[in-house]
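Heads up, the thing below is written out as structure tokens.
The values are calculated or read from the model by the stated rules, or taken from the named source; none is laboratory data. None of the values given here were measured: they were computed from a predicted structure. Glycine also receives a Cβ, built like all others from the backbone with ideal geometry; neighbour counts cover every protein chain displayed. The accessibility values were calculated without ligands, DNA or RNA, using every heavy atom of the protein model including side chains. Shrake-Rupley method; radii C 1.70, N 1.55, O 1.52, S 1.80 Å.
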Amino acid sequence: MIEIKDLHKSYKVGKNALHVLKGINFNIEEGELVAIMGSSGSGKSTLLNIIGMLDVADKGSYTLDGVPIKDLDETKAAKYRNKFLGFIFQSFNLINYKTALENVALPLYYQKVPRKERNEKAMKYLKDVGIDDWATHLPSELSGGQKQRVAIARAMAAESKVLLADEPTGALDSTTSYEVMQLIQEINDSGKTILVVTHENDIANMCKRIVLLKDGVIIEDKKINQVWASDHV
Ligand code: ADP
Ligand code: MG
């Protein structure tokens, strides 16, 4: 699904270049649940933003579902991003004057789905994430965990192939973080490919594979065996 070869990225900081990604190589198969782990500043968001086509690498190749991303013009890239990639952010990024239902229905509006159908679909996804009772509420009336559920429902409504989550539990307490990660696991169980960026060990351990970033390279890439579940009962 995702193939990354020798990816490099630098930022200009004043006169200097800050070399953040120094040759990243890894592949992600369809259906994986992968944590990208590393301390703050290790380049996790930079990598995720490149995978999410929100930013471009300086060097190296990125292939998504067999298509080399570099070769796409802007219109194709936008189409491709909408079709393949859904985003979940630490700060939820909900529109605060729209209800939970309207937030979830928004990507469907952009896909030109008729109003009745998009509201039905949005309601279904709110139900899937367990907050259909809150459909008519504004984000300001929801807890952090509820807001993240709305954001997850919104990402699912777009029916992208891959979900990219940048510190999805970063603004949540540990119980709520655990519940949100359980929801992410359930979505993965239904077949969705998911990447979770985190700097927290327990969050990474709820994924099926951990890719560890340090000083711009991957220093470890390991599969997790899912015995953790019993530890939390
Ligand atoms: P992480 O998500 O692992 O905390 P980031 O990818 O956000 O790390 O950042 C990696 C490094 O690149 C940090 O030192 C950060 O300050 C720097 N950085 C990130 N974005 C920019 C930018 N747009 N311009 C300059 N430096 C940046
Ligand atoms: Mg980050």
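Over 22 Å apart at the Cα level, from the set 59/83; 59/214; 79/208; 147/223; 83/112, are 59/83; 79/208; 147/223. Axis angle, to the nearest 10 degrees, between helix 144-157 and the longest C-alpha principal axis of the chain: 80 degrees. In summary, the convex hull built on the alpha carbon positions of the chain has an orientation-averaged projected area of 13.5 nm². On the stretch 95-146, 52 percent of the accessible area sits on carbon and sulfur atoms, based on a 1.4 Å probe.
Return the FRET efficiency for the residue pair residue 124, residue 30: r is the Cβ-Cβ distance, R0 is 22 Å, and the value is rounded to the nearest 0.05. After rounding, the FRET efficiency stands at 0.40.
Compared with the rule-of-thumb size 2.2 N^0.38 Å for a compact globular protein, the stretch 108-174 has a Cα radius of gyration ratio of 1.15. Calculated on C-alpha atoms, the gyration radius of the stretch 8-134 divided by its Kirkwood radius gives an Rg/Rh of 1.03.
Summed over the residues of the chain and divided among them, the accessible surface reaches 52 Å² per residue at a probe radius of 1.4 Å.
Note on the chain: with a GNM built from Cα contacts shorter than 10 Å, the maximum mean-square fluctuation among 162, 129, 150 falls on 129.
Ordered from longest to shortest, the equivalent ellipsoid semi-axes for the stretch 146-233 are 20, 16, 14 Å, each the square root of 5 times a Cα gyration tensor eigenvalue. Toward the positive end of the charge dipole of the stretch 13-149, with +1 on the Cβ of Lys and Arg and -1 on the Cβ of Asp and Glu, the farthest Cα among 13, 91, 33 is that of 13.
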